[in-house]
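Structure, as structure tokens:
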Amino acid sequence: MIGKSPFNRTIPKIHPTAFIAHDVVIIGDVEIGAYANIWYGAKLRGDWGKIVVGENASVQDNVVLHSIPNATCKIGKNVRLGHLSMCHGPCIVGDSSLVGINATVLQGANLGKGCVLAAGSVLRDETETENFCLYAGVPAVKKKKYPLRTRSENFSNLYVENGQKFKKAGYGQEIPKNYLIID
């Protein structure tokens, strides 16, 4: 289901190359970038606040994205949000980062560029992280620093390719024309 917010009538803006699985729910002020892939059971509810999903991002099965009123939940480029993870804005997940399976980014938290938030971890409110680090635990704390450029674009290209295969095979939702981003 893709539709406007019943709260303020804002509409999603979705790049035509994005893959949106059949049962994904996208409501309201949601922007989805080129080649992003949104997988089964994901919920992106931009009814009160804004949600931005960057290009090549992978929002995997049963992820929840939401925000408080007049705030933004920003997911960067080449990000992977693992199965069952949650991001509640205002928050930021930096480019090329990974939010592990069942991990949570709480409102006010900022996960840096090239970071990993380990499975099951909780990044608490008002937490600022360094770039290229591993964070783990409840609450999440820095466990190690990665040498620069030791990781590629977080394997996002594999998810882009897979999403495009699913889209071509007809496993995606039809995106209403008035919700498409026209370059």
* Dipole size in debye (nearest 20) for the stretch 2-157 around its Cα centre, Lys and Arg Cβ +1, Asp and Glu Cβ -1? -> 260
* **Residues of type aspartates and glutamates that Lys113 reaches as a straight line, Cα spacing below 15 Å, ignoring anything fewer than 8 places off in the same chain** => Glu55, Asp95, Glu128, Glu130, Glu153
* Determine which aspartates and glutamates satisfy two conditions relative to Lys4: a Cα distance under 19 Å, and not lying fewer than 8 residues away in the same chain. => Asp23, Asp29, Glu31, Asp47, Glu174
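Compute the Rg/Rh shape ratio of the stretch 61-108: radius of gyration over Kirkwood radius, all on alpha-carbon atoms. Could the numbers behind the result be given before it?
Values: Rg = 9.8 Å, Rh = 10.4 Å.
My calculation of the ratio gives 0.94.
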* **FRET efficiency, 1/(1 + (r/R0)^6) with R0 41 Å, evaluated for Lys177 and Glu128 via beta carbons** => 0.55
* Structure fact -> At the level of C-alpha centres, the distance separating the stretch 74-120 and the stretch 24-52, in angstrom, is 15
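So what's the net charge close to Asp47: Lys and Arg +1, Asp and Glu -1, counting the other residues with Cβ under 14 Å from its Cβ? Each step should come with its number before you reach the end.
Details: positive: Lys4, Arg9, Lys43, Arg45, Lys50; negative: Asp29.
Neighbour charge sum, excluding Asp47 itself: +4.
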* Considering only Cα-Cα distances, which of the following residue pairs are longer than 30 Å: Lys143/Lys165; Lys145/Lys165; Lys77/Lys145? -> Lys143/Lys165; Lys145/Lys165
* Asked: Against the longest alpha carbon principal axis of the chain, how many degrees, from 0 to 90 and to the nearest 10, is the axis of helix 156-168 turned?
  -> 20
* Debye equation applied to the C-alpha atoms of the chain, log10 I(q)/I(0) at 0.14, 0.18, 0.19 Å⁻¹ -> -0.67, -1.09, -1.20
* Which ³J(HN,Hα) values in Hz, rounded to whole numbers, follow from the phi angles of the stretch 9-25 under the Karplus curve 6.51 cos²θ - 1.76 cosθ + 1.60, where θ = phi - 60° and Gly and Pro get x? -> 6, 5, 10, x, 10, 10, 5, x, 7, 5, 9, 10, 4, 3, 9, 6, 10
* Go through 63-76, 164-177 and give me the packing order, highest mean Cβ count within 10 Å leading. => 63-76, 164-177
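Just so you know, all these numbers are worked out from the coordinates, no wet-lab data involved. None of these values were measured; they are calculated from a predicted model. Counting neighbours? That spans all protein chains shown, and the Cβs are built from the backbone with ideal geometry, glycine included.
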